[in-house]
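Peer 1: Before I ask anything, let me first share the structure, which is written out below as structure tokens.
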Amino acid sequence: MTKEERLKKRHNSEKRFRFYGLASIFVALLFVLILVNNIFSKGSSAFMKTAINVEVFFDPELLEVKNGSTLDEIQEADFYDVTIETILKSYPAKNLDEENELIDLFTTDAEIEIKNAFIKNNNLVGKKINLEITASDDIDQLHKGNYPRDLPEDRRRISNFQLKIYDNFVADDKIIKNFNNYFFSNGDSRNPELAGIGGALVGSFYSILICLLLSFPVAVLASIYLEEFAPKNKITDFIEININNLAAVPSIVYGLLALQILLATIQLPRSTPLVAGITLALMTLPRIIIPCRASLKAVPPSIREGALAVGASKFQSVFHHVVPLALPGTLSGTIIGLAQALGETAPLILIGMVAFVVDIPATPIDPSASLPVQVYLWSESAERGFVEKTSATIMMLLSFLIVMNFVAVYLRQKFEKRWN
Amino acid sequence: MSDIKIKSKNLNVYYGDKQALFDVNLDLNEKEVTALIGPSGCGKSTFIRCINRMNDVIDICKVEGNIEIDGIEINDKELDVVSLRERVGMVFQKPNPFPKSIYDNISYGPKIHGKGETKNELDEIVERSLKKAALWEEVKDRLDEPGTGLSGGQQQRLCIARAISVNPEVILMDEPCSALDPIATAKIEELIDELKKTYTIVIVTHSMAQAVRVSQKTGFFHLGKLIEVGLTEKIFKNPDNKMTQDYITGRFG
């Protein structure tokens, strides 16, 4: 082989390598694009809800309250008759079946929405107002174009009569798209139009908070001790191997552990953020210790020697010099550990967070949902409305993860100091 | 002849199974510069790290024998290394300023030893130390800038200033100029000349010329043994030992 040939071969192999690299990046980006596109196209419609504009008449004869009733009296009162009257007036129905079909176009919470409107505006007795009442899930999906209307009637959830009413409402401009506040403020519900991630958000927040409070101090102190103070011998080697192994243990194993110890033995309340937080902390602990030790190890020994040489004690050299330098890496490691914990599903299913919880938890010891488990629950539900809700919840979860990772990168770049 | 400041007797040092120093007996005079020369790995650095017990940091290192400073044994488990290192400062081969401001680099030592209670006292110590290290004029207007932003020679002088900020009696220098250019080296050497009026200085160096320029006394180490020690002039002009002769004339090392 001549020199020219060899040179050409070297250049060619470099070109090939560049091409493989570019191709890999392209394939990876393609997968991300498909995933994001799929989630966005399904999920973005969940942030809007369909409402029907109706005229509500607060008929003094049907209402059990009058102007000047106290809030408690209004809360206790029955708005059912007014609600039914309002709905029936919105479209002429000929018989009881048609009336029921008409009523089914509205959410089951129509009565509560009317009551809330009454509470918000004073002195409505005997008055008429226009109100936007949330539509039922079927109408919501139909209006968003997710529901096929060309199926035969017996295979549709929406009858021909209901379709006629819907078309009529559309023609009269009575169907409106509003921001879906229920998605953020409500807990879970059997009715997709009322279901929200409020409970899951608060539950996840409490869980991660407890996870942070438990795992961060323990992980940081353990890392500092192991890295700076512990003698290097067989026992510490054994501990190190164990920590590395624990980080690789499947998360469901931590769920089983929590089930046995926290729920069965200690009898903490099940389905609660408290138990979730403790379980996630156990799981996150080794995942924080590893980056934390790595960032301590990355501080050059010359800094420690410099401090010791001016007469700092071991403790002072560690806490005045090494730890501050390792802090950015420690913090970003912690945040990434927490981000993993936020998306963890399996252990939470085992400790009972998969239960159907409607209420938003007030404290960490109330039963609660959490974001990833909510995704799991809704993805199993049959109603069409939950498909978009599932994707929208994934979008929320992903945006939290992206924000957390961004903060981690920012912290590292902002506070990382350069040495020699 | 000056008084003896540091006295080592039968000093043996082991790193695990490997013995690094063999029965070193060496006296260092007060307010003098003693240079330690010898090929790499001969134990010079190990020896000076015994004087401020920096070898304690290394788990596998074991030190046997005696070192006395002013007649007091320092190789004693009961002795507080913090107060020892306050008396025996050290400057390392590679400048290692803390990644903090110039001011904080100097004021850290006095602060942890409770010297300089007030801001004024600290300011004074910082100024005095930087002046002694011949760095004051160059940095007085940017004391709050990071010490790591200085040039290599300035960083090393900053480290010297840091060492003298706690007002030690002895300064150990472990090849302080090996990472510096000739101009910066000349400045450090000038500085050493000045500092020896106040401090006892031990300097490890690979440069024979440097040993001649700065030291009054020179010790030659080889394979962990102190081969010869004496007045610098004598060692370099008329050594007793054949090995010393070979080393200084560049036949090995």
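Peer 1: For helix B:182-195, what angle does its Cα long axis make with the longest principal axis of chain B, in degrees from 0 to 90 and rounded to 10?
Peer 2: 90 degrees
Peer 1: Pairs to check: A:Lys232/B:Lys9; A:Lys232/B:Lys225; A:Lys49/A:Lys128. Give those whose C-alpha atoms are more than 28 Å from each other in this structure. Don't skip to the answer; put the middle values down first.
Peer 2: Details: A:Lys232/B:Lys9 31 Å; A:Lys232/B:Lys225 30 Å; A:Lys49/A:Lys128 24 Å.
A:Lys232/B:Lys9; A:Lys232/B:Lys225, as the Cα separations exceed 28 Å there.
Peer 1: For A:Asn130 and A:Val170 in the same chain, what is the full-extension length gain: residue separation times 0.36 nm, less their Cα-Cα distance, in nm? Could the numbers behind the result be given before it?
Peer 2: Working: separation 40, 0.36 × 40 = 14.40 nm, distance 1.64 nm.
Computed gain between A:Asn130 and A:Val170 is 12.8 nm.
Peer 1: Quickly work out the B:Asp193-to-B:Gln19 label distance, labels modelled 7 Å from Cα along the C-beta direction, and quote it in nm with one decimal.
Peer 2: 4.2 nm
Peer 1: Using r as the Cβ-Cβ distance of B:Glu124 and B:Arg87, and R0 as 22 Å, what FRET efficiency do you calculate, to the nearest 0.05? Walk me through the numbers on the way to the answer.
Peer 2: Numbers: r = 21 Å, r/R0 = 0.95.
Step by step, r from the Cβ atoms, then E = 0.60.
Peer 1: What ranking do B:His113, B:His222 get, fewest neighbouring Cβ atoms within 10 angstrom at the top? Let's see the in-between values first.
Peer 2: Values: B:His113 18, B:His222 22.
The most exposed by this proxy come first: B:His113, B:His222.
Peer 1: Same structure again: Measure out, as a whole number of angstrom, how far apart the alpha-carbon centroids of the range B:81-99 and the range A:69-111 sit.
Peer 2: About 83 Å separates the Cα centre of the range B:81-99 from the one of the range A:69-111.
Peer 1: Follow-up question, since we're still on this one. Counting only other chains, what is the mean number of Cβ atoms within 10 angstrom of the Cβ of each residue in peptide A:224-236?
Peer 2: Working: counts 0, 0, 0, 0, 0, 0, 0, 1, 2, 1, 0, 0, 0.
If you average over the peptide's residues, the count of other-chain Cβ atoms is 0.
Peer 1: Something else about it: Would you calculate a helix-derived [θ] at 222 nm for chain A, using -39,500 (n - 2.57) for each DSSP H run of n ≥ 4 and dividing by the full residue count, to the nearest 500? Working shown, then result.
Peer 2: Values: 17 runs with 249 residues, N = 420.
Helix contribution divided over all residues of chain A: -19500 deg cm²/dmol.
Peer 1: Quick one: order B:Asp76, A:Asp137 by neighbouring beta-carbon count within 10 Å, fewest to most.
Peer 2: Numbers: B:Asp76 12, A:Asp137 24.
Placing the least packed residue first, the sequence is B:Asp76, A:Asp137.
Peer 1: Compute the helix-to-body angle for B:102-112: its Cα long axis versus the longest principal axis of chain B, expressed 0 to 90° and rounded to tens.
Peer 2: The angle comes out at about 70 degrees.
Peer 1: In peptide B:101-110, what is the residue-averaged number of other protein chain Cβ atoms found within 10 Å of each Cβ? Kindly include the intermediate steps, with their values, before the conclusion.
Peer 2: Numbers: counts 0, 0, 0, 0, 2, 1, 0, 8, 5, 2.
Per-residue shielding by partner chains comes out at 2.
Peer 1: Please give me, ordered by residue number, the trypsin sites (Lys or Arg not before Pro) of the range A:166-216 that lie in loop per DSSP and have at most 13 other Cβ atoms within 10 Å.
Peer 2: Numbers: sites: A:Lys174, A:Lys177, A:Arg190; in loops: A:Lys174, A:Arg190.
Listed in order of number, the matching sites are A:Arg190.
Peer 1: How far apart, in nm, are the 7 Å Cα→Cβ label points at A:Ser41 and A:Ile239?
Peer 2: Distance between label points: 5.4 nm.
Peer 1: For A:Thr363 and A:Thr108, what is the calculated FRET efficiency with R₀ set at 25 Å and r taken between the beta-carbons, to the nearest 0.05?
Peer 2: On the way: r = 29 Å, r/R0 = 1.14.
For A:Thr363 and A:Thr108, the calculated efficiency is 0.30.
Peer 1: Could I ask something else about it? Neighbouring Cβ atoms within 10 Å as the yardstick, rank A:Asp150, A:Asp59, A:Asp167 fewest first. Each step should come with its number before you reach the end.
Peer 2: Details: A:Asp150 5, A:Asp59 15, A:Asp167 12.
With the sparsest Cβ surroundings first, the list reads A:Asp150, A:Asp167, A:Asp59.
Peer 1: Please compute the net charge surrounding A:Phe216, taking Lys and Arg as +1 and Asp and Glu as -1 over other residues with Cβ under 15 Å from its Cβ.
Peer 2: Working: positive: A:Arg287, A:Arg293; negative: none.
That works out to +2.
Peer 1: Given the DSSP H assignment, sum -39500 (n - 2.57) over each helix run of at least 4 residues in chain B and divide by its residue total; what's the result at 222 nm in deg cm²/dmol, nearest 500?
Peer 2: On the way: 10 runs with 91 residues, N = 253.
Calculated at 222 nm, the ellipticity per residue is -10000 deg cm²/dmol.
Peer 1: Which of the trypsin sites (Lys or Arg not before Pro) found in the range B:59-110 are loop residues per DSSP with 12 or fewer other Cβ atoms within 10 Å of their Cβ?
Peer 2: Loop-located and lightly packed - B:Lys77.
Peer 1: If you don't mind, another one. Enter the mean number of other protein chain beta carbons within 10 Å of the beta carbon of each residue in B:91-100, as an integer. Can you show the working numbers first?
Peer 2: On the way: counts 2, 4, 1, 4, 3, 11, 5, 11, 11, 5.
Shielding by partners across B:91-100 averages 6.
Peer 1: Could you pull out the pairs from A:Lys314/B:Lys94; A:Lys314/B:Lys217; B:Lys31/B:Lys77 whose alpha carbons sit more than 26 Å apart here?
Peer 2: Numbers: A:Lys314/B:Lys94 21 Å; A:Lys314/B:Lys217 34 Å; B:Lys31/B:Lys77 28 Å.
Exceeds cut-off: A:Lys314/B:Lys217; B:Lys31/B:Lys77.
Peer 1: Next up: If you take the beta carbon distance between A:Leu268 and A:Asn405 as r and set R0 to 30 Å, what does 1/(1 + (r/R0)^6) give as a FRET efficiency, to the nearest 0.05? Walk me through the numbers before you get to the answer.
Peer 2: Numbers: r = 31 Å, r/R0 = 1.04.
For A:Leu268 and A:Asn405, the calculated efficiency is 0.45.
Peer 1: Okay, next question. Starting from the 7 Å offset along Cα-to-Cβ, what nm value, one decimal, do you get for the label separation of A:Leu62 and B:Lys31?
Peer 2: Each label point lies 7 Å from its Cα, and together they span 10.8 nm.
Peer 1: Pairing the Cα long axis of helix B:119-132 with the longest principal axis of chain B, what angle in degrees results, from 0 to 90 and rounded to the nearest 10?
Peer 2: 40 degrees
Peer 1: Considering only DSSP states other than H, G, I, E and B, which GluC sites (Glu not before Pro) in the range B:17-66 qualify as loop sites with at most 16 other Cβ atoms within 10 Å? Provide the component values of the computation, followed by the final result.
Peer 2: Working: sites: B:Glu30, B:Glu32, B:Glu64; in loops: B:Glu30, B:Glu32.
Here the sparse-neighbourhood loop sites are B:Glu30.
Peer 1: Sorted by average packing, counted as other Cβ atoms within 10 angstrom per residue and highest first, what order do A:401-413, A:105-117, A:323-335, A:247-259 take?
Peer 2: Numbers: A:401-413: 14.8, A:105-117: 19.8, A:323-335: 21.5, A:247-259: 17.0.
Listed from highest to lowest mean packing, they are A:323-335, A:105-117, A:247-259, A:401-413.
Peer 1: Beyond 24 Å, how much of the Cα-Cα pair distribution for chain B remains, as a whole percent?
Peer 2: Counting every Cα pair in chain B, those more than 24 Å apart make up 47 percent.
Peer 1: Oh, and also: Past the 11 angstrom mark, what percentage of all C-alpha to C-alpha distances in the range A:3-44 do you count? Display every interim value, and only then the final one.
Peer 2: Values: 595 of 861 pairs.
Here the long-distance tail beyond 11 Å is 69 percent of all Cα pairs in the range A:3-44.
Peer 1: Please list, short to long, the whole-number percent of alpha-carbon pairs of the protein assembly as shown in consecutive 20 angstrom bins beginning at zero.
Peer 2: Over the protein assembly as shown, the share of Cα pairs per 20 Å bin runs 14, 29, 24, 18, 11, 3, 0 percent.
Just so you know, all these numbers are worked out from the coordinates, no wet-lab data involved. Bear in mind the structure is a predicted one, so any value in this text is a computation, not a measurement. FYI the Cβ positions are ideal-geometry reconstructions off the backbone, even for glycines, and counts take in every protein chain you see.
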